[in-house]
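Q: Supplied in structure tokens, the structure appears directly below.
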Amino acid sequence: MWLYLLKRIALAISIVVVAVTLLFLMIRAVPGDPAAVLLGPRATPEMRAQLHEEMGLDKPFIVQIATFFGGLLHGDLGFDVFSRKPVADIVFEQLPYTVELIFVSIFWAVVIAVPLGCYSAMRRNSWVDKVAGVVTVAAIAIPSFVMAVYALLIFAVNLRWLPAIGAGNGFWGGLSHLILPGFAIGIGWVGYISRLVRAAMLEISGENHVRMARSFGISEWRIVTRYALPLAIPPTVTILGVGIGWLLSSAVFIEVVFARPGIGALIVNAVNTRNYPIVMGIVLVTTVLIVAATTISDLINAFLDPRTREKL
């Protein structure tokens, strides 16, 4: 297990380095001069050259990325070109709003999807299974931003049950402002997870140990919770780890729709203004989050199923 852990950590570090390097190159390839955007059309060539020097854009690409990674070793993500505040302070000030939105979405999706998938497998081809199949596939097919707009119009504008925009104040205020955004992101994952759990449960129900448990007269509910469900959990953990990137991309649109603080609005503004330090800071943090989530899911699967340790 320790050897597997070391291999996964080394692989995670390699992925982060490669991903940040590629994204660094892609950001520099975006058309437009950031100095012209920041200083306006009346800026003189001398003012633009000075800003290029301050942002390090006058140096070769190799020097720029070496300087960026050198700063990372000291915990320095650079400075915002507008406010001159450290990028790390700006990003980590907004990051908790996005993280809590993602966790709320995952939590309620798992709480609904796992029992639904188990029940559909236990009542295979029943009317409940068929209705659940249609609803979950429809939930997967609808984009999260479309679901966000309709949820906003129905529950916030027409019915006025829930707040429409912002993050709220206090625990209950923040929780009420998380319901609609969390619903918009998590509804698709109810479909993914429930279908995955159902398929895994149907496959496991034909295994010898499950059939033997039934022959001993053990109740179906005990067979599901004790023998079948623990083996169906690893695929679900894997899809959640891989899906963190999808959740982060969905959160960008959802935060814009609901005017929530978070890295979504922050990165949209940074890209529009060519604010490279902010963009790179957000890209780095989100890349680390995605790689960390996949690594943790692999470690959980390796702990639950030792056979997976031999696949790396």
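Q: Express the carbon and sulfur contribution to the solvent-accessible surface of the chain as a percent, rounded to the nearest whole number, probe 1.4 angstrom.
A: On the way: 11980 of 17250 Å².
Summing carbon and sulfur atoms, their accessible area is 69 percent of the total for the chain.
Q: How high is the FRET efficiency from VAL63 to MET26, r the C-beta distance, R0 22 Å, rounded to 0.05? It would help to have the intermediate numbers written out before the result.
A: Details: r = 18 Å, r/R0 = 0.82.
Computed FRET efficiency for VAL63 and MET26: 0.75.
Q: Work out how much length SER14 to VAL157 would gain on full extension: take 0.36 nm times their residue separation and subtract the Cα-Cα distance, in nm to one decimal. Kindly include the intermediate steps, with their values, before the conclusion.
A: Working: separation 143, 0.36 × 143 = 51.48 nm, distance 4.71 nm.
So the extension gain works out to 46.8 nm.
Q: Kindly provide the helix-only [θ] at 222 nm of the chain, computed as the sum of -39,500 (n - 2.57) over DSSP H runs of four or more divided by all residues, to the nearest 500 deg cm²/dmol? Walk me through the numbers before you get to the answer.
A: Details: 13 runs with 231 residues, N = 312.
Mean residue ellipticity at 222 nm (helix-derived): -25000 deg cm²/dmol.
Q: Now for a separate question. I need the phi-derived Karplus couplings for the range 111-126: 6.51 cos²θ - 1.76 cosθ + 1.60, θ = phi - 60°, integer Hz, Gly and Pro marked x.
A: 4, 8, 6, 5, x, 5, x, 5, 5, 5, 5, 5, 10, 4, 6, 7
Q: I've got another one for you. Ranked highest first by the average count of other Cβ atoms within 10 Å around their residues, in what order do 208-221, 277-290 fall? If you can, show how the numbers build up before the last one.
A: Working: 208-221: 11.3, 277-290: 21.7.
Going from most to least packed, we get 277-290, 208-221.
Q: With a 10 Å radius around each residue's Cβ, average the other Cβ atoms per peptide and rank 166-173, 73-80, highest first. Walk me through the numbers before you get to the answer.
A: Values: 166-173: 11.9, 73-80: 14.0.
Output ranking for 166-173, 73-80: 73-80, 166-173.
Q: Decide, for the range 237-300, between rounded, prolate and oblate: order the square roots of the alpha carbon gyration tensor eigenvalues as a ≥ b ≥ c, take rounded if a/c falls under 1.5, and otherwise choose prolate if a/b is larger than b/c, else oblate.
A: Numbers: a/c = 3.73, a/b = 1.72, b/c = 2.17.
Cα axes put the range 237-300 in the oblate bin.
Q: If you don't mind, another one. Between the range 69-136 and the range 250-289, what is the C-alpha centre distance in whole Å?
A: About 15 Å separates the Cα centre of the range 69-136 from the one of the range 250-289.
Q: Okay, moving on. Rounded, prolate or oblate: which fits the chain, taking a ≥ b ≥ c as square roots of the Cα gyration tensor eigenvalues, rounded meaning a/c under 1.5, else prolate when a/b beats b/c?
A: Working: a/c = 3.11, a/b = 1.67, b/c = 1.86.
Oblate shape, in that a/c is at least 1.5 and b/c is the bigger or equal ratio.
Q: What ranking do 237-249, 84-96 get when scored by the average of other Cβ atoms within 10 Å per residue, highest first? Write down the numbers at each step before the final one.
A: On the way: 237-249: 18.5, 84-96: 16.5.
The peptides rank, most packed first, as 237-249, 84-96.
Q: Right, something else. Tell me which residues come under 5 Å, amide H to amide H, from LEU77 once H is placed; ignore anything under 5 positions away on its chain.
A: Here the answer is VAL87, ALA88, since their amide H atoms fall under 5 Å of that of LEU77.
Q: Per residue, what volume in Å³ does the Cα convex hull of the range 64-214 take up?
A: That works out to 220 Å³ per residue.
Q: How much area per residue is accessible in the range 238-294 when the probe is 1.4 Å and only protein heavy atoms are counted (Å²)?
A: Numbers: 1890 Å² over 57 residues.
Accessible area per residue, the range 238-294: 33 Å².
The values are calculated or read from the model by the stated rules, or taken from the named source; none is laboratory data. Fair warning: this is a prediction, and the values are worked out from it, not measured in the lab. Neighbour counts are summed over all protein chains in view; Cβ atoms, including those assigned to glycine, are modelled from backbone coordinates with ideal geometry. SASA here: full protein model, heavy atoms, side chains in, ligands and nucleic acids out. Shrake-Rupley method; radii C 1.70, N 1.55, O 1.52, S 1.80 Å.
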